[in-house]
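To start, the structure itself, in structure tokens.
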Amino acid sequence: MPDVGGFREAVVDLAAITTNVRALRELLGTEHFIAVVKANGYGHGAVQVAGAALAGGADWLGVATVDEALELREAGIDAPVVAWLHDPDESFDAAVAAGVSIGVSTIQQLRAVAAAAWRVARQASVQFKLDTGLSRNGLPRADWDEAFALADELERAGALHTAGIFTHLSNATLQDDVDCLDLFDDGLAGARAAGLTPELVHAAASAAALRQPDARYNCVRVGLALYGLAPSQRAADARALGLRPAMTVRGRVAHVKRVPVGTPVSYDYTYRTERDTTLALVPLGYGDGIPRAASNRGTVWIGGAVHRIAGRVAMDQFVVDVGDTDVAIGDQVVLFGDGAEGYPTAEDWAEASGTINWEIVTRVAGRTTRRYV
Ligand SMILES: *Cc1c(COP(=O)(O)O)cnc(C)c1O
């Protein structure tokens, strides 16, 4: 029996993540490498991805929230980890006690981390997140000097250590990012002038790390690329860098029927067959993270060829018009995976649904079983 896989599953190739990190470390050449495993490792499983990334040479892990960092600790992962997006009521006690480095975006957070350090009797690690253009999280320029001076005071008192300073870029244009980096350099100089000695200086996520060597400093914060996906939204670009997509989403054909020309398909009858044809039912839908926006546009691999979705993607299922391809109930269907193997890619699905590959893999959830190979 060939391996046709499960009813609906995301197969995650952890060896691909390890080799991707190894390839990226070599290519980027920075002293430090933060593997970003937020949002459950972009849908791949945070704990498993963290282990695979560390095996490939990542020396730090990055997550959005303290809860995500603590989940890694609870799983026995004791590598350095930084978390940078916080609940306004976050006490930071558990994070400081667990040795999680705290990304600081407000002066109030800096005070809260110091208070936590005193309570749990452990020196806290902080990393300043500077807003240099994105206007999202991060300390605004006007607060930098005050924050650095306060951090110096708290360092002298023994409450904390400034382990890093970082910013996040827009990837709008190269010039926009250069402007942000110029401002970041001012911030870095200000921090040093205030007496801080951050070991980690980082600005680049996947896109800037790959296209802008100036943004690498001594550390990069890479998410997307370690999962084998290209920030350019061209799967071939990832392949050219030696990266391999780690996630394959697949299922098994749940129903097959031969229908005459003119047969309407799925909700709202947005598709009608243009000839006598075979319809195959795929048991994944938006309840599993498959975008409804890919209705009539997304493609899947069945029976050795790529076929298009016919009609609306529903909550649990969608239909594929496979023409005269010989397809049977129980056959394997691959929604996306490694394009080098002939499968549609996360980039293809992103294009079909008007989004980006980051979202395609991260939203795979719900009833989909995650299987590791
Ligand atoms: C998500 C995130 C990253 C990783 O971004 P990729 O584009 O997936 O590499 C890096 N830094 C910050 C602050 C992030 O929020």
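Structure data summary
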| read-out | value |
| --- | --- |
| Candidate set: region 105-146, residues that are within 13 Å of the ligand (Cβ to nearest atom) and in a strand (DSSP E or B); chosen: the one nearest to ALA79 (Cα to Cα) | GLN127 |
| Number of positions in region 123-177 that are closer than 23 Å to VAL100 by Cα and either over 29 Å from the mean Cα position of the chain (by Cα) or surrounded by 15 or more Cβ atoms within 10 Å (Cβ to Cβ) (or both) | 35 |
| Region 40-56, residues that are small (Gly, Ala, Ser) and surrounded by fewer than 19 Cβ atoms within 10 Å (Cβ to Cβ) | ALA55 |
| Residues that are more than 15 Å from the ligand (Cβ to nearest atom), of a type outside the set (D, E, K, R) and buried (at least 17 other Cβ atoms within 10 Å of the Cβ), drawn from region 57-75 | LEU70, LEU72 |
| When residues of region 223-243 are limited to those that are within 11 Å of the ligand (Cβ to nearest atom) and part of a helix (DSSP H, G or I), the one nearest to VAL11 (Cα to Cα) | TYR227 |
| Among (1) more than 12 Å from the ligand (Cβ to nearest atom); (2) modelled with pLDDT of 95 or more, the one test that TYR42 misses | (1) |
| Single condition VAL220 does not satisfy, out of (1) touching a strand residue (DSSP E or B) at 6+ places or on another chain (Cβ under 9 Å); (2) on the phi < 0 side of the Ramachandran plot; (3) free of Cβ contacts under 8 Å to residues at least 60 places away in the same chain; (4) outside any helix (DSSP H, G or I) | (3) |
| Residues of region 351-366 satisfying the condition of being part of a loop (DSSP other than H, G, I, E, B) and either free of Cβ contacts under 8 Å to residues at least 12 places away in the same chain or surrounded by fewer than 23 Cβ atoms within 10 Å (Cβ to Cβ) (or both) | GLY354, THR355, ILE356, ARG363, ALA365, GLY366 |
| Failed criterion for LEU28 (all others in (1) surrounded by fewer than 21 Cβ atoms within 10 Å (Cβ to Cβ); (2) touching a residue at least 60 places away in the same chain (Cβ under 8 Å); (3) within 21 Å of ILE102 (Cα to Cα) hold) | (3) |
| Checking SER206 against (1) away from the ligand (no atom under 16 Å from the Cβ); (2) within 20 Å of LEU27 (Cβ to Cβ); (3) hydroxyl-bearing (Ser, Thr, Tyr), the condition it does not meet | (1) |
| Among the residues listed as VAL322, VAL313, VAL333, VAL300, the single one being touching a residue at least 60 places away in the same chain (Cβ under 8 Å), surrounded by 18 or more Cβ atoms within 10 Å (Cβ to Cβ) and not hydroxyl-bearing (Ser, Thr, Tyr) | VAL333 |
| Checklist (1) more than 18 Å from the chain's Cα centre (by Cα); (2) crowded, with 19+ Cβ neighbours inside 10 Å; (3) assigned to a helix (DSSP H, G or I) applied to ALA16, failing item | (1) |
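Residues checked against (1) touching a residue at least 60 places away in the same chain (Cβ under 8 Å); (2) surrounded by fewer than 18 Cβ atoms within 10 Å (Cβ to Cβ):
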site	(1), (2)
LEU243	yes, no
ARG258	no, yes
THR277	no, no
TYR286	no, no
PRO291	yes, no
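The values are calculated or read from the model by the stated rules, or taken from the named source; none is laboratory data. Everything numeric here is computed off the predicted structure, so don't read it as measured data. All Cβ positions, even for glycine, are placed from backbone atoms using ideal geometry, and neighbour counts span all protein chains on display.
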